[in-house]
Amino acid sequence: MDLTYIMFTKHLEGLDVPGIIAALQSVGVQGADLCVRDGYPVNPDNIATVLPEAAKQFADAGLSIPLVTAPGDFNRPDIDYAEEYYAALGAAGVGHVKLGYWHWSPDLHYWDQLDEIRRYMEGFQQLSEKHGVKTVVHNHSGKSMGLHSCAAMNVVGDCDPQHVGVFADPGHLSICGEPIEMALDIVREYLCVLAFKDLIRQRPLGGTQQGAPSGGVMRLGQGFVDWPAVVATLKRLDFKGPVSFHSEYSGEPVPTVIDLARIDVRFFNAQREV
């Protein structure tokens, strides 16, 4: 099980690239799940010019950018900046890009909506093949069209796993998915990245916002994820790839997020040694 530890930089908002690098080094990871969205140092407006320099700064610091997380509405290949976005990722050597989300709506029958999404995936696969960046779909609870492994396979199952993959998330799977051993086996041909977070299921009060998580984020080991089973399954599958520590401790100041991410890394390392 040869894993590359990376950290999701969404909750390092406000830091510049050198600040992000220092944070990742402090946490003890090997690179970034770089959030390339509006409001961050690298964003869709400047990606062509700023990402190459950021990648060089990461490399000079001994770090990498195996994954970029796109904006939440980056879910169609005909979005106006899609070609430029993929081209910049490919030129910077980024291996994976996480798409945004599609949310089920009662206004459109599930299977009709899925047909539309599959057409989008054809376009994303073409972008991936052209630029050498694998497109990944994140399983996310709530009304996401890829909320667990079976749903994610409905989205990616017609695609070539060389160019399209699944970003498996044990946290979301723990509250709305299959048992983790089964969930990872379902997507094993497409499994290329994992998100590490822990969740607990919460009782909805007055309904839930469309697409919102169906649970609360906890520190690793304090939620519903069966971490020994995660480790055992990744060993059984001989998984080799990046795992993203999501550190979604919303509302906490950045120094606290960094401290908690460091604890999460230590927790997972201890699980690997059991």
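FYI, it's all coordinate maths here, none of it is from the lab. Quick caveat: nothing in here was measured; it's all calculated off a predicted structure. Glycine also receives a Cβ, built like all others from the backbone with ideal geometry; neighbour counts cover every protein chain displayed.
Kindly work out what percent of the DSSP beta bridges joining two residues of the chain are antiparallel, to the nearest 5.
Values: 5 of 34 bridges.
Percent antiparallel among DSSP bridges in the chain is about 15.
For the chain, what is the calculated [θ] at 222 nm in deg cm²/dmol (nearest 500), taking -39500 (n - 2.57) for each run of four or more DSSP H residues and dividing by its residue count? Could the numbers behind the result be given before it?
Values: 9 runs with 110 residues, N = 274.
Helix contribution divided over all residues of the chain: -12500 deg cm²/dmol.
For region 223-233, just list the computed ³J(HN,Hα) in residue order, Karplus coefficients 6.51, -1.76 and 1.60, θ = phi - 60°, integers in Hz, with x standing in for Gly and Pro.
Those phi angles translate into x, 8, 5, 8, 5, x, 5, 4, 4, 4, 5 Hz.
Tell me, what HN-Hα J-couplings in whole Hz come from the Karplus equation 6.51 cos²θ - 1.76 cosθ + 1.60 at θ = phi - 60° for each residue of region 55-64, using x for Gly and Pro?
In residue order, the calculated couplings are 4, 5, 4, 4, 4, 5, 8, x, 10, 9 Hz.
Run the dipole for region 134-274 about the Cα centre, Lys and Arg Cβ at +1, Asp and Glu Cβ at -1, nothing else charged, and hand back the magnitude in debye, nearest 20. Don't jump to the answer; show the numbers that get you there.
Values: 13 positive and 15 negative charges, 42 e Å.
Approximately 200 debye in magnitude.
Lysine pairs in region 2-273 with Cα distance under 17 Å, only those 8 or more apart or on different chains: how many are there? Spell out each step's value before the answer.
On the way: 10/98; 10/197; 98/130; 98/134; 98/197; 134/240.
Lysine pairs meeting the criterion: 6.
Among 94, 36, 254, which one shows the biggest mean-square fluctuation in a GNM of the chain, springs joining Cα atoms closer than 10 Å?
254
For region 2-273, take the alpha-carbon Rg, divide it by the Kirkwood Rh, and send me Rg/Rh.
Values: Rg = 17.5 Å, Rh = 18.7 Å.
Result for region 2-273 is an Rg/Rh of 0.94.
Counting Lys and Arg as +1 and Asp and Glu as -1, each charge on the Cβ, what is the dipole of region 2-273 about the Cα centre in debye, to the nearest 20? Display every interim value, and only then the final one.
Details: 21 positive and 34 negative charges, 148 e Å.
Here the size comes out at about 720 debye.
Pick out which of 175, 79, 65 has the largest mean-square fluctuation in a Gaussian network model of the chain, springs linking Cα atoms closer than 10 Å.
Result: 79 has the largest fluctuation of those listed.
Quick one: which residues, 5+ away or cross-chain, put their amide H under 5 Å from the amide H of residue 7? H built at 1.01 Å from N.
Amide H neighbours of residue 7, under 5 Å, 5+ apart: 31, 32, 33, 245.
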